[in-house]
Amino acid sequence: MFPSSSHPPTLHTTAPTPSTTLFTVSTRSPSHTLLARSLHYLALLLRVIVGIAIIVLFWAKWRQRGGDEAQGLGETAWYEDMVLSSPVGQMAGWAARGLSWTWVVGGTMIGGWAVTRRGYTEESLLVLRGLGIQTSSSSPTYLSTPTTRFIPTTAIQDIFIHEAFKGFEVRFYLAIVVQGEEDVVVVFPTLLPNRHILETVWRGARACLYEPAAAKA
Amino acid sequence: MPYNIAMISDFFFPQPGGVESHIYQLSTKLIDRGHKVIIVTHAYQGRTGVRYLTNGLKVYHVPFFVVYRETTFPTVFSFFPIFRNIVIREQIEIVHGHASLSSLCHEAILHARTMGLRTVFTDHSLFGFADAASILTNKLLKFTLSDVDHVICVSHTCKENTVLRASLDPLMVSVIPNAVVAENFRPLSLPTTTPSDGLTSPSSTHTPVPAPHHLGPNSTITIVVISRLFYNKGTDLLIAAIPRILASHPKVRFIIAGTGPKAIDLEQMIERNVLQDRVELLGPVRHEEVRDVMVRGHIYLHPSLTEAFGTVIVEAASCGLYVVCTRVGGIPEVLPAHMTTFAKPEEDDLVAATGKAIALLRANKIRTEKFHEQVKLMYSWTDVAERTERVYDGISGVLSEEEFYVGFRSGAGWSATRGRAGVQSFALIDRLKRYYGCGIWAGKLFCLCVIVDYLLFVFLELWAPRASIDIARNWPKKVVLHGSAKHEESGSGVARKRSARHREKRRDVETDNF
């Protein structure tokens, strides 16, 4: 049900100023314990190492493409020498010699996908009183930027929670009615968090967008 | 005791019709009585998703493939996941299906029984036994109704028909007729309601019976026909009868409203006999315009060939029209004798009956102006809702067997598969026993379907666990002044968790204490 993570979406609210609130819904596992945190950084380190190894392997194979004539030129920059003479470079060179192009390209693509995959989805709603609302959805990989959409206050007609059929179930969604647009803008479109989260966000967004009743009186 | 009820039918608004308005009226009245009602139907053109109607009546327009005359394609199991989701999120206890031609309703009843919910089925139509389509529908009906808790029919004729078609125990079939909103069908002599009028209770503003209006021997009598122009509505009979009626009665005019495949035949008949100035064809009219058409006439002609109830003749009588109708189906039960003239469903008799009715009206022997008040006393949706509620009480075990089936001694006629009378056991083996008796081949096929359905249910419980399904909020209700204990649950959204089974248990405990 939840994309690429077993963790149900959780809500984090940050309000740096009274007129700004950021609601973030994420499937990232909440890491509070030391073990969980160290595991997280270890995984990150592993990703970096594997990523570097893949790049070096591809580069080594690329260098061997020219074969003897490239060697004959003998013109190698100092950094190339440094990389190729290092243990990683030697390993990569050995592997590149043994593997065919199909294997290298296939392995690079799969490895590259695995390394850059984000593994969790994060969607946020930033409410700025007097300015507008910005929705944001994280991209599936680390390489691309999140998709964001800014809606100015003047264009916002309403913000509401409703239900809709999605696949084999009925889900709640938070929607913004934008002036001059036929379709509503759905907030948290991929995660579609549960009703309690949506109600919290809805209340918070309304309180932040429109002056609270207490402030008016 | 409030229930959470799901009304399920393929037929609902925006499509107009008798079943549709029945579901709507019954639902609103049940909501007024403190229940929670949702309606599940398929998506119509431009009408999908979840919608709210007046008074917080929630409608789920499930996106489905429509086959024929707004009926969905019968896919036995594909509806289950979404149905289960709706049932869980709305905390439904009773599933109430409508109309025997609606495959959505049959599927829902099957799934509801698998999920352990109480089920009621309302039959709105009569069927034959001879042709292939009827046999198939009847078999399907038998399948569904083998394991339904209770059946409601709109007339006694309909009850007989359903009992025979589905081989039911007549005791588990109740008759609850349709009703009309009499305020919407006032005769011309009474002013139409203004919004401010509607607020005052009808009993306090007692309208005096209007003075009888006399028809002279030479004044024109208008005959109104409002029906969909289908074969089963008797349009052929009408086409044959109109020229003869008009030939023998010079001061008679016809107004015909409605549309359908037989409209062309009707137009051809008018052109052939050159009756354009005496027969007015209005084409399709909306339900709220029906009254305005009816009050233009004096006689309502209803030539239907089969009809389970015939709400339209009650509406016509409420408008102060004298009714001429065929003696078919449940029609003879609907109105008292002084409001109607019956005919056999054949051309000669229909012409004769219409002639008789015209003569009676010309002789001023019928007080049609009194009809409205009489109909108002006979038919009300509040009464229908009360009686339906009693059925719900009976199947949930709130009413005891003796109370529910008045004059029936317990333990005499119930089959072995049934536990307490009227309260069917949910155990799979008991359900299989009930289905197995449906026929030599059909029984085995039905059992197979039920087993697959059960396995699907188990799979769904694992695949989409109950805990991950959001509970929908209830429509906020006004707290009624009297009976504060009754409305304890009106506030919070996640109230009424007690299932029907808990309720039944509690009832058993109560009886033990006595």
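The values are calculated or read from the model by the stated rules, or taken from the named source; none is laboratory data. Since the model is a prediction, treat every value here as computed from it, not as a measurement. Backbone-built Cβ (ideal geometry, glycine too); neighbour counts: all protein chains shown.
For this structure, a couple of remarks:
- For A:Leu11: the one exception among (1) aliphatic (A, V, I, L, M); (2) at pLDDT below 85; (3) touching a strand residue (DSSP E or B) at 6+ places or on another chain (Cβ under 7 Å): (2)
- Filter result (out of contact with any Ser or Thr (no Cβ under 6 Å at 6 or more places or on another chain) and either closer than 13 Å to B:Gly297 by Cα or in contact (Cβ under 8 Å) with a residue 60 or more places away in the chain (or both)) within the stretch B:229-254: B:Tyr231, B:Thr235, B:Leu237, B:Leu238, B:Ala240, B:Ala241, B:Arg244, B:Ser248, B:His249, B:Val252, B:Phe254
Yes/no per residue for (1) over 30 Å from A:Arg203 (Cβ atoms); (2) part of a helix (DSSP H, G or I); (3) among the acidic types (Asp, Glu); (4) within 14 Å of chain B (Cβ to nearest Cβ):
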| position | (1), (2), (3), (4) |
| --- | --- |
| A:Glu80 | yes, yes, yes, no |
| A:Ala96 | yes, yes, no, no |
| A:Tyr120 | no, no, no, no |
| A:Thr135 | no, no, no, no |
| A:Ser139 | no, no, no, no |
| A:Ile159 | no, no, no, no |
| A:Phe165 | no, no, no, yes |
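- Listed conditions (1) in contact with a Leu (Cβ under 8 Å, 6 or more places away or on another chain); (2) in contact (Cβ under 8 Å) with a residue 60 or more places away in the chain; (3) part of a strand (DSSP E or B); (4) within 13 Å of chain A (Cβ to nearest Cβ) are all met by B:Phe77, apart from (3).
- Matching residues in the stretch B:348-399 - criterion: being assigned to a loop (DSSP other than H, G, I, E, B), crowded, with 17+ Cβ neighbours inside 10 Å, more than 22 Å from the chain's Cα centre (by Cα) and touching a residue at least 24 places away in the same chain (Cβ under 8 Å): B:Ile366, B:Gly397, B:Val398
- Qualifying residue in the stretch B:315-330 (condition: part of a helix (DSSP H, G or I), crowded, with 18+ Cβ neighbours inside 10 Å, in contact with a strand residue (DSSP E or B) (Cβ under 9 Å, 6 or more places away or on another chain) and among the β-branched types (Val, Ile, Thr)): no
- Hey, A:Val186 assigned to a strand (DSSP E or B), touching an Asp or Glu at 6+ places or on another chain (Cβ under 6 Å) and assigned by TED's automatic domain parsing to the domain that holds A:Thr21 or not: no
- Unique residue being closer than 19 Å to B:His111 by Cβ and among the polar types (S, T, N, Q) when the list is B:Thr48, B:Thr41: B:Thr41
- Restricting attention to the stretch A:147-157, the residues that are of a type in the set (Val, Ile, Thr), assigned to a helix (DSSP H, G or I) and surrounded by 12 or more Cβ atoms within 10 Å (Cβ to Cβ) add up to 1.
- Summed over the stretch B:12-44, residues that are farther than 19 Å from B:Val181 by Cβ, in contact with a strand residue (DSSP E or B) (Cβ under 8 Å, 6 or more places away or on another chain) and either part of a loop (DSSP other than H, G, I, E, B) or of a type outside the set (Val, Ile, Thr) (or both) total 5.
- Check on B:Asp383, within 26 Å of B:Thr144 (Cα to Cα) and either at pLDDT 85 or above or not β-branched (Val, Ile, Thr) (or both): no
- Residues of the stretch B:223-276 satisfying the condition of being surrounded by fewer than 16 Cβ atoms within 10 Å (Cβ to Cβ), among the hydroxyl-bearing types (Ser, Thr, Tyr) and within 20 Å of B:Tyr322 (Cα to Cα): B:Ser248
- Neighbours by Cβ (under 8 Å, 6+ apart or cross-chain): first from the stretch A:192-209, assigned by TED's automatic domain parsing to the domain that holds A:Pro18; second assigned to a helix (DSSP H, G or I) and among the small types (Gly, Ala, Ser): none
Yes or no, residue by residue, for (1) more than 28 Å from B:Val175 (Cα to Cα); (2) polar (S, T, N, Q); (3) in the same structural domain as B:Ala240 (by TED's automatic domain parsing):
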site	(1), (2), (3)
B:Ile331	no, no, yes
B:Glu347	yes, no, yes
B:Ala353	yes, no, yes
B:Asn364	yes, yes, yes
B:Arg387	no, no, no
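Conditions tested, residue by residue: (1) touching a Lys or Arg at 6+ places or on another chain (Cβ under 6 Å); (2) within 14 Å of another protein chain (Cβ to nearest Cβ); (3) of a type in the set (Asp, Glu).
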residue	(1), (2), (3)
B:Ala6	no, yes, no
B:Leu26	no, no, no
B:Leu30	no, no, no
B:Arg33	no, no, no
B:Lys36	no, no, no
B:Tyr52	yes, yes, no
B:Asn55	no, no, no
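- The set of residues from the stretch A:15-40 being within 22 Å of the chain's Cα centre (by Cα) and exposed (fewer than 11 other Cβ atoms within 10 Å of the Cβ) comprises A:Pro30, A:His32.
- Failed condition for A:Ser144, given (1) outside any strand (DSSP E or B); (2) surrounded by fewer than 16 Cβ atoms within 10 Å (Cβ to Cβ); (3) within 14 Å of chain B (Cβ to nearest Cβ): (3)
- Residues of the stretch A:175-191 that turn out to be more than 12 Å from A:Leu11 (Cα to Cα), surrounded by 14 or more Cβ atoms within 10 Å (Cβ to Cβ) and within 14 Å of chain B (Cβ to nearest Cβ), as a count: 3
- Filtered residues of the stretch B:173-230 (kept if modelled with pLDDT under 85 and either of a type in the set (A, V, I, L, M, F, W, C) or not in a loop (DSSP other than H, G, I, E, B) (or both)): B:Leu188, B:Leu190, B:Pro195, B:Ser196, B:Asp197, B:Gly198, B:Leu199, B:Val209, B:Ala211, B:Leu215
- Test: B:Leu104 is assigned to a helix (DSSP H, G or I) and within 16 Å of the chain's Cα centre (by Cα): yes
- In the stretch B:271-291, the residues that are touching a residue at least 12 places away in the same chain (Cβ under 8 Å) and either under 19 Å from B:Ser248 (Cβ atoms) or of a type in the set (Lys, Arg) (or both): B:Asn273, B:Leu275, B:Arg278, B:Val279, B:Arg286, B:Arg291
- Residue pairs whose Cβ atoms lie under 7 Å apart, separated by 6 or more positions or on different chains, with the first residue in the stretch B:81-92 and facing chain A (nearest Cβ under 10 Å) and the second among the polar types (S, T, N, Q), are B:Glu90/B:Asn4.
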